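One structure is given below, encoded as C-alpha cells.
Read-outs: derived from the displayed coordinates by stated rules, not from any lab. If you're wondering where the values come from, they're calculated on a predicted model, not measured in any experiment. Heads up, the Cβs are rebuilt from the backbone with ideal geometry, glycines too, and the neighbour counts pull from every protein chain shown.
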C-alpha cells in the first residue's frame, strides 16, 4: 500500500512492552504508534511521495477500525466485509481508486451497499508481502 490510514494504535497500557516480533513506528503529528508500517510504507513500486504515505495509511486504518467486520484470506487474495453509514461504498471506491493510481500492482473490487459491502484486494505474487501486511493490519484494527 502506498500509505494511508495509520496502523495499529498502540492500545497497550503505559509502560507495557510491544508484542513479541512487533516493531512500533511513531507517526509524527498523530500521537500514536503503529505496527507493520515498514512493509506498507517502503515499497519501491509506489509512486506516491514518501511524505504522503502515512496519511494514506491513516485512511485505510480508519476504514479498518470503523467499517471492517470480517477479514477473509482466499489464497493470494484478501476479502474484507464491511458495513457502515451512508456513503461508505463511495468512500471505499474512492480510496481504492486513489490507491490504484499510485500502487498499480493492487487490484481492488468493490461490491454491495453501505450496510453490506465487500472489498476484494489482490496483488501479483511478487507483492504478496504487502497484501499480507495489509491483511494483518485489517485484522488487528477490525471493529
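Table for the structure above
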item	result
Additional length obtainable on full extension of the chain from residue 115 to residue 101, 0.36 nm per residue less Cα span	2.4 nm
Distance in nm between pseudo-label sites at residue 51 and residue 77 (7 Å out along the Cβ direction from Cα)	3.9
Inverse mean reciprocal Cα-Cα distance (Kirkwood Rh) of the stretch 50-107, Å	12.5
Geometric extent, Cα atoms of the stretch 83-123 - Rg, Dmax (angstrom)	10.3, 29
Residue 90/residue 126 FRET efficiency (R0 41 Å; Cβ-Cβ; nearest 0.05)	0.85
The stretch 37-143: projected area of the alpha-carbon convex hull, averaged over directions, in nm²	5.9
